[in-house]
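Here is the structure we will look at, set down as C-alpha cells.
Nothing in this text is a laboratory measurement; each read-out follows from the coordinates by a stated rule. None of these values were measured; they are calculated from a predicted model. Reconstructed Cβ throughout: ideal geometry from the backbone, glycine too, with neighbour counts over all protein chains shown.
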Amino acid sequence: MNQSEKPTALIMIFGATGDLANRKLFPSLYQLYQKGNLDRFAVIGVARRSITNEQFQQNVRDSVLSTNQNSTNLDDFVSRFVYHSHDVTDSNSYATLNQIAADLDQRYQLEGNRIFYLAMAPEFFGTIAEHLKKDGLTDVNGFKRLVIEKPFGRDLESAKKLNKQIRTAFSESEIYRIDHYLGKEMVQNIEVIRFANAMFEPLWNNRYISNIQITSSETLGVEERGRYYETSGALRDMVQNHMLQMVALLAMEPPIRLTTDEIRSEKVRALRSLRQISGDDVNQYFVRGQYGEGSINGEKLAAYRNEDMVNPASNTETFVAGKLMIDNFRWAGVPFYIRTGKRMLTKQTKIVVQFKDIPMNLYYQTEQELRPNLLVIHIQPEEGITLHLNAKKSGQSLDATPIKLSYANRGIDGINTPEAYEKLLFDCMRGDATNFTHWDEVALSWSFVDNISRVWENTPETSFPNYESNTMGPKAASDLLEQDGSHWWPVTLLDVETCK
C-alpha cells in the first residue's frame, strides 16, 4: 500500500485478556484511532477466558481510560471490538473465529486484510500459526501478517523449530517479530544522528571512538514474573534481543538507501562481525550477577532467591555486563560495553559514545585533566541527546571546564511522543517491517548468546547473590572495564537537561 494511505485491517489479538493487551495494545490502537491514522478497522480479542462481548468491551474501555482520561469517540472505538473465547488446539474454534472475521470484514469493508497478533505464551506460537493455515484463516484476498512478541525461542535450536512451524503459514516478509526497543523514539534516532550529521559519521570509527557503553537498568525486581524469569535470565531476556539490536544499529555501515531490506542487511552484517565468545573466554568478556537484599527509602528489598516462584537456590542471572568486539575494518579494537540488570540504582537506558582523547593535551600544563568528549543518547525514561565538550572558564585564565549541550524530548517537540507499540502497530499495518527483527538477526543473536549461556549453565556461580539491590551491579562489572583502563560513566553525570 501507499505509505501515505490510512491502513485498513482486521486485527486478531491472541491473548486479549492479558497484561500486554491491556497495558499497551488497546491504548496504542486508540491513540492511532484518535490521531486519524486508522481508517477502516476492527479487532477480535481472542483468549481462553469465558467472558461476554460486553465484558470485553468494558475491559477495552477501562484500558484506554487508564492512560487517557480525556477520551473522545470512545464508544465508536470500543464498538469495533469483538470477543471470541478460544481453544488454540481446536479446529472447530478456529472455524468459529473465521466466521466472525468474515462478518467483520464485510461490515467494515476491510478488504480481506488480516493481522494476527500473538500476545500470549510463546509455547503456543507454532500451534496457532499452523492452525491459522490449516483452518483457512490465512486464505484472504488482502494481506496477512503475523506479529510475534519475544521470546522467539529459548536458544538457536528452539528458534529454528519455531521459525519452521511459522513459515508453513507465513512467508518471512509476512512475519513481524516485535522488539519494542526498536519502536522507541531515540533508538530510531540512532540512524538519524549518525547518517544526517556531517560532524558524527566521519568520526564514527576506531580512529576517533574509544569505546561505546550501553546501559539498560531497572529498579524493579522480577515482581510476578518469577516463573518466566527462572527459564530466561537477563542474558536471554535482554541481551539476545534489545541490547544486541542497539549494538547493531550503532555498528552498522551506512545503508545505500533507507529501505527495510537495506537497513536490515547492514544490521545483519554487523551481527555477523561480532566476535564469538566461547569456552574459557566467556568469563573474560562477560560478567553475571544476581541481586541480594537491599533497601530504598527505608524499605527492605527482597533478594531474588526470595521472590515468588523462584528457586531458593537459583543460579539465574538478573544482571549481565559484557565486552563485545566487532571484527571489521570500522570497529577493530573498539569495545562495545553492555550492562543490564534488575534492582539497580536507577531506571534508565542510555548509550554513551566516548571519543578518544586529543593527541596533545595542552591543558596538562595547567594541571588539568580534560574530560573526554561524550555523545549520550538518552532512550528512557528521558529522551534526548547530550554532547559533552570542554570550553573556557569565565575569567582571565585559559582554564577549561566541561559543558553540556542538550536536546530533550520533554520540550515542545517531544510533547505527546508516541508509545513504542503505537508506532510499531502502525508500521505493521502499513507493511513497513524496518523496525521489526528479521530471522537472520534472530539466528545470529541466538548463536552469539548460546555460547555464553552454555558455559554459565555448566559452571554454576557460587557467589550469588553478588550485588545488593539498589546498586549498579556487582564489582566485577567495574573490573571488566578497569582492565581496559576504562570505567562506566556515572549516571548523574549523564542526565539530560530540558531545553526551553
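Looking at the chain, what % of its DSSP beta bridges pair antiparallel, to the nearest 5? Walk me through the numbers before you get to the answer.
Numbers: 44 of 77 bridges.
Around 55 percent of the beta bridges assigned by DSSP in the chain are antiparallel ones.
Let's test this: bin the Cα-Cα distances of segment 9-149 at 10 Å from zero up to the farthest pair and state each bin's percent.
12, 46, 35, 7, 0
Return the lysines within reach of LYS161: Cα separation strictly under 25 angstrom, same-chain partners fewer than 8 residues apart disregarded; answer none if there are no such residues.
Within reach: LYS133, LYS134, LYS144, LYS150, LYS267.
Straight-line reach only, C-alpha to C-alpha below 19 angstrom: list the lysines that LYS356 could link to, leaving out same-chain residues fewer than 8 apart.
Straight-distance partners of LYS356: LYS323, LYS404.
Under a plain spin-label model, where a point goes 7 Å from the Cα along Cα-to-Cβ, how far apart in nm are GLU111 and THR259?
2.1 nm
Among (1) 44, 32, 21; (2) 38, 27, 22; (3) 41, 27, 23, which one is semi-axes √(5λ) of the Cα gyration tensor in Å computed from these coordinates?
Given (1) 44, 32, 21; (2) 38, 27, 22; (3) 41, 27, 23, the calculated one carries the label (3).
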